[in-house]
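*Asks:* Have a look at the structure that comes next, please.
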Amino acid sequence: MFDIDVNRLWEVLSYNPQSPMIFSSGLFLFLFLGVSLVYMLLQRTYTMRILFVTLFSYYFYYKSSGLYFGLLALVTVSDFLIGKKIGKMRGSDDESGDKKSDGATGAKCLVALSLLIDLGLLCYFKYTNFFGRIFCEAASQIDNVNMRWTELDIFLPVGVSFFTFQSLSYTIDIYRRRIRPLDSLLDYAFYVSFFPQLVAGPIVRAADFIPQIRRPLNVTNEMIGGGVYLIITGLFKKAVISDYISVNFVERVFDTPTLYSGVENLLAVYGYTLQIYCDFSGYSDMAIGLAMLLGFEFPKNFDAPYKSKSITEFWRRWHISLSSWLKDYLYISLGGNRHGKIRQYVNLMLTMLLGGLWHGASLNFILWGGLHGLFLCLDKLWSNVRSLSPLTFLGKKGETPGMWEKTVLLPLSGVLTFHLVAATWVLFRAQSFQVVKDVFSQIFTMFDINIFEQWLQSYNGVAILMLIGYVFHFAPSSWQNDMRKSMSYLPVPVLSLLLVLAIWVVIQVKSSDVQPFIYFQF
């Protein structure tokens, strides 16, 4: 009755390094439908439901990185055991609020061990070749000896930067007595491997997620409607806007910027600025939406970042889970703003330089992080000038903006912030510093506004999608909130039909090849 090609089925279900499974692929959407059905059947059996999702999460990671799911298991088991031991050494708060101090030294050593394991694995897979090249180049300069680094064939497991950070926050929070260690390895494995956020975030804190694991499953109409809305918008942002403008315009310009005019290079910068937002926020939207359909709530990861009026505000809106992680576990650990202004600026620079390095083993990323660190320092300096200046038109920090500030200063700040962010994205996208130089050289020396009309005619599809993307982004937040709220009033069959229709539309208009998410490489 059913003629099934077993070999073909095995090829589809097994790991293919050329085609990792992502949310916007047909295979994932098909598998998620089956997972959802089984998940609902197991809603009253907590342990079986958790085990089932954990197994699927490991399969999902296998489809993304092959046998490197063993790395995920290693991080999970080691931090679970370390966390339990730290909890015993540190003790817990008693009812009066006093804290035990016994074992503090041993607990610090265990935190250091957790850091060594997690960051050691991260550094090996991500930075071995990078630091090897730097060492050889530096040694050659010092000793006048021609030393060359032989590139090691090291595979970068998808999402290793995300799940190591997430697992690290668990052991550190136990040490800081913010959470208690879990007793169940299964629960911790479920937390670390939960597939919606496993490979590209959001980086979910244990304090936010763990209390949800064993609570009764209650997927409300609001969660279903909100989840479907986020999945649909995320699919559209990723598979339609981001992939289309990337394949049909942005990639071409960044591959050979000197073949294009200044106008086209500038539009490619604007295009990539939109592309990386739609790509990453689209993934986050789908991750949050999928989690909501399974009864879990994730924190917001993007909040219209290009509306920001300062770089400080941008980092409160962009990749919120990472920026808050860097603030809580790196910036504050370095001393934050507790030791004077100079030390604060140094801490900001170190945090952003390391944040840039986290994104990739390249001087481009380090410089990108350094520039954002510099902008943050200048922003803090500007805030101090405003608070001390007698010039009222500058506006005082914390005061209600006056007419001059509303109509002139804030819009100018928004335009400047957007273009600073867009300019630094060139470093993020370019494969070399020569490409960065060529892009800006074309913009500032070969700019002819008359070419814009020709570009509109040649790239009308790209232009339309860029316009839709930016309008959607800069539209009032209330519009999106109202649309999301209205979805919660629709019956589940209608929501299911809308989701199927959206998937069909995406399949019809998206690029022919499935494009991996940009942040998969980080």
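The values are calculated or read from the model by the stated rules, or taken from the named source; none is laboratory data. Keep in mind that this is a model prediction, so the values were computed, not measured. Glycine also receives a Cβ, built like all others from the backbone with ideal geometry; neighbour counts cover every protein chain displayed. Note: areas computed on protein heavy atoms with side chains; ligands, DNA, RNA excluded. Shrake-Rupley method; radii C 1.70, N 1.55, O 1.52, S 1.80 Å.
*Asks:* Report yes if P216 is open to solvent by 20 Å² or more (accessible area, probe 1.4 Å), at pLDDT 90 or above and in a loop (DSSP other than H, G, I, E, B), otherwise no.
*Replies:* Details: open to solvent by 20 Å² or more (accessible area, probe 1.4 Å): yes; at pLDDT 90 or above: no; in a loop (DSSP other than H, G, I, E, B): yes.
No.
*Asks:* Of all residues in segment 288-311, how many are farther than 18 Å from T233 by Cα and open to solvent by 20 Å² or more (accessible area, probe 1.4 Å)?
*Replies:* Selection size over segment 288-311: 3.
*Asks:* Of (1) at pLDDT 90 or above; (2) open to solvent by 40 Å² or more (accessible area, probe 1.4 Å); (3) not β-branched (V, I, T), G262 satisfies all except one. Which?
*Replies:* (2)
*Asks:* If you check every pair at least six apart or on different chains, which have Cβ atoms under 9 Å apart with a residue in segment 322-345 that is of a type in the set (S, T, N, Q) first and a residue that is buried (at least 18 other Cβ atoms within 10 Å of the Cβ) and assigned to a loop (DSSP other than H, G, I, E, B) second?
*Replies:* That search, which allows pairs on different chains as well, returns S324/I203; S324/R205.
*Asks:* While we're looking at this one, here's another question. Considering only segment 319-362, state which residues are within 29 Å of L198 (Cβ to Cβ) and of a type in the set (A, V, I, L, M). Before the answer, list the steps.
*Replies:* Looking only at segment 319-362, we keep the residues that are within 29 Å of L198 (Cβ to Cβ), and these are 319-334, 350-362.
Selection gives I320, L322, L326, L330, I332, L334, L350, M352, L353, L354, L357, A361.
*Asks:* With the condition kept exactly as written, say whether any residue in segment 54-77 is basic (K, R), out of contact with any strand residue (DSSP E or B) (no Cβ under 7 Å at 6 or more places or on another chain) and at pLDDT below 90.
*Replies:* Pass one, segment 54-77, residues basic (K, R): 63.
Filter once more, so that each one left must be out of contact with any strand residue (DSSP E or B) (no Cβ under 7 Å at 6 or more places or on another chain): 63.
Add one more test, that the residue is at pLDDT below 90, and what stays is 63.
Yes: segment 54-77 contains one or more residues that are basic (K, R), out of contact with any strand residue (DSSP E or B) (no Cβ under 7 Å at 6 or more places or on another chain) and at pLDDT below 90.
*Asks:* Quick check on A268: is it modelled with pLDDT under 90 and over 27 Å from R205 (Cα atoms)?
*Replies:* no
*Asks:* Go through (1) crowded, with 19+ Cβ neighbours inside 10 Å; (2) modelled with pLDDT under 90 and name the single condition N347 misses.
*Replies:* (2)
*Asks:* State all residues of segment 140-170 that are surrounded by 13 or more Cβ atoms within 10 Å (Cβ to Cβ) and part of a helix (DSSP H, G or I); if no residue qualifies, say none.
*Replies:* S140, V160, S161, F162, F163, T164, F165, Q166, S167, L168, S169, Y170
*Asks:* Is it the case, given these coordinates, that Y283 is of a type in the set (S, T, Y), open to solvent by less than 10 Å² (accessible area, probe 1.4 Å) and within 30 Å of E251 (Cα to Cα)? Quick ask: steps written out before the conclusion?
*Replies:* Working: of a type in the set (S, T, Y): yes; open to solvent by less than 10 Å² (accessible area, probe 1.4 Å): yes; within 30 Å of E251 (Cα to Cα): yes.
Yes, satisfied.
*Asks:* I would also like to ask the following. Show the residue pairs that are 6+ apart or on different chains and have beta-carbon atoms under 9 Å apart, the first residue being within segment 114-133 and under 15 Å from H359 (Cα atoms), the second being at pLDDT 90 or above and among the hydroxyl-bearing types (S, T, Y).
*Replies:* If the second residue must be at pLDDT 90 or above and among the hydroxyl-bearing types (S, T, Y), the pairs left are L119/T164; L122/T164.
*Asks:* If you don't mind, another one. Taking I507 as the residue in question, decide whether it is part of a helix (DSSP H, G or I) and at pLDDT below 85.
*Replies:* yes
*Asks:* Let me ask something else about it. When segment 31-63 is examined, which residues are found to be among the β-branched types (V, I, T) and open to solvent by 50 Å² or more (accessible area, probe 1.4 Å)?
*Replies:* V38, T45, T47, listed by residue number.
*Asks:* Looking at segment 328-347, can you tell me whether even one residue there is closer than 23 Å to K300 by Cβ and among the aromatic types (F, W, Y)?
*Replies:* yes
*Asks:* Could you check I203 against (1) open to solvent by less than 20 Å² (accessible area, probe 1.4 Å); (2) part of a helix (DSSP H, G or I) and say which number it fails?
*Replies:* So the condition that I203 fails would be (2).
*Asks:* Consider G91 carefully, then state whether it is surrounded by 14 or more Cβ atoms within 10 Å (Cβ to Cβ) and at pLDDT below 85.
*Replies:* Spelling it out, G91 is indeed surrounded by 14 or more Cβ atoms within 10 Å (Cβ to Cβ) and at pLDDT below 85.
*Asks:* How about segment 294-383: which helices (runs of 4 or more DSSP H) wholly inside it have at least 2 residues that are among the aromatic types (F, W, Y)?
*Replies:* Those helices (runs of 4 or more DSSP H) span 311-317, 341-359.
*Asks:* Evaluate the following for I276: is it closer than 16 Å to Y470 by Cα and either small (G, A, S) or touching a helix residue (DSSP H, G or I) at 6+ places or on another chain (Cβ under 9 Å) (or both)?
*Replies:* Yes: the conditions hold for I276.
*Asks:* Within segment 179-190, is even one residue buried (at least 24 other Cβ atoms within 10 Å of the Cβ) and of a type in the set (S, T, N, Q)?
*Replies:* Checked segment 179-190: no residue is buried (at least 24 other Cβ atoms within 10 Å of the Cβ) and of a type in the set (S, T, N, Q).
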